[in-house]
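The values are calculated or read from the model by the stated rules, or taken from the named source; none is laboratory data. Bear in mind the structure is a predicted one, so any value in this text is a computation, not a measurement. Cβ atoms come from the backbone with ideal geometry, glycine included; neighbour counts cover every protein chain shown. With ligands, DNA and RNA removed, areas are computed over all heavy atoms of the protein, side chains included. Shrake-Rupley method; radii C 1.70, N 1.55, O 1.52, S 1.80 Å.
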Amino acid sequence: MRCFTHPQTDAVAQCSQCQKGICTACAHDAGGATLCSSCYEIGIRAEITHAQSSIVGVWVFTGIVTTIALFIAFGSISQNGAAAILFIPLAFVASWCLFWGWLPVWNGFRKIFAGWGCFGSWTFLLIIAAVTAEILVGIALLVGAFTGIQKYNEARQVVANGNRMIAALYATPIQPTSGT
């Protein structure tokens, strides 16, 4: 079998996505799967899009929560004094942590109750979620506190390095195989 992109070169593998023959220059390891350059590029672009939406999402979410906290703090200054302004940075930090921590906590919660048959129904999950909402939010805040900045920096790094990664896909020199 020959490489789809480089017909003069023998294929060493097949792309896990499109099943095209690929040579060593075209083969890319993506989490245990071997991908051709075009499928790998599609994956990189998907990661970039996801990272960009995470970056925008965290700022929109924290901006909305912080703005609401701002109105609440200024509305309660007359009753609570100037200390009410401390509520604003607390709301910002809590919303940041909740943004990054909620999804892993919720997915873990759903996995725990996934195999419960009729007890795993949405009704049961809603009852459990209503009873344990404070606990889940608290755990999500802790998870977000420890992973939020790291995830944000990773997302920024994926966006910043994404185009260089795509450009590097096509800058690899190809050496034809001899003999066949």
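Of the set (1) open to solvent by 60 Å² or more (accessible area, probe 1.4 Å); (2) over 27 Å from Phe146 (Cβ atoms); (3) touching a residue at least 24 places away in the same chain (Cβ under 8 Å), all apply to Phe99 but (2).
Condition check ((1) in contact with a His (Cβ under 9 Å, 6 or more places away or on another chain); (2) modelled with pLDDT under 85; (3) open to solvent by less than 80 Å² (accessible area, probe 1.4 Å); (4) not in a helix (DSSP H, G or I)) across all residues:
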{"position": "Gly43", "(1), (2), (3), (4)": "yes, no, yes, no"}
{"position": "Ala51", "(1), (2), (3), (4)": "no, no, yes, no"}
{"position": "Ile85", "(1), (2), (3), (4)": "no, yes, yes, no"}
{"position": "Pro89", "(1), (2), (3), (4)": "no, no, yes, no"}
{"position": "Trp106", "(1), (2), (3), (4)": "no, yes, yes, no"}
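Examine region 19-39 for a residue that is open to solvent by 40 Å² or more (accessible area, probe 1.4 Å), in a helix (DSSP H, G or I), among the charged types (D, E, K, R) and closer than 18 Å to Tyr170 by Cβ, and state whether such a residue exists. No: zero hits. Considered as a group, the residues in region 7-16 that are assigned to a loop (DSSP other than H, G, I, E, B) and without any contact (Cβ under 8 Å) to a residue 24 or more places away in the chain include one that is nearest to the chain's Cα centre (by Cα), and that residue is Ser16. Scanning region 1-17 for residues that are open to solvent by 50 Å² or more (accessible area, probe 1.4 Å) and under 16 Å from Ala33 (Cβ atoms) yields Val12, Gln14, Ser16, Gln17.
Applying a threshold of 6 Å to beta carbon distances and a minimum spacing of six or more residues, or different chains, the list of pairs starting in region 26-41 at a residue that is of a type in the set (Ser, Thr, Tyr) and ending at one that is outside any strand (DSSP E or B) and open to solvent by less than 30 Å² (accessible area, probe 1.4 Å) reads Ser37/Cys26; Ser37/Leu169.
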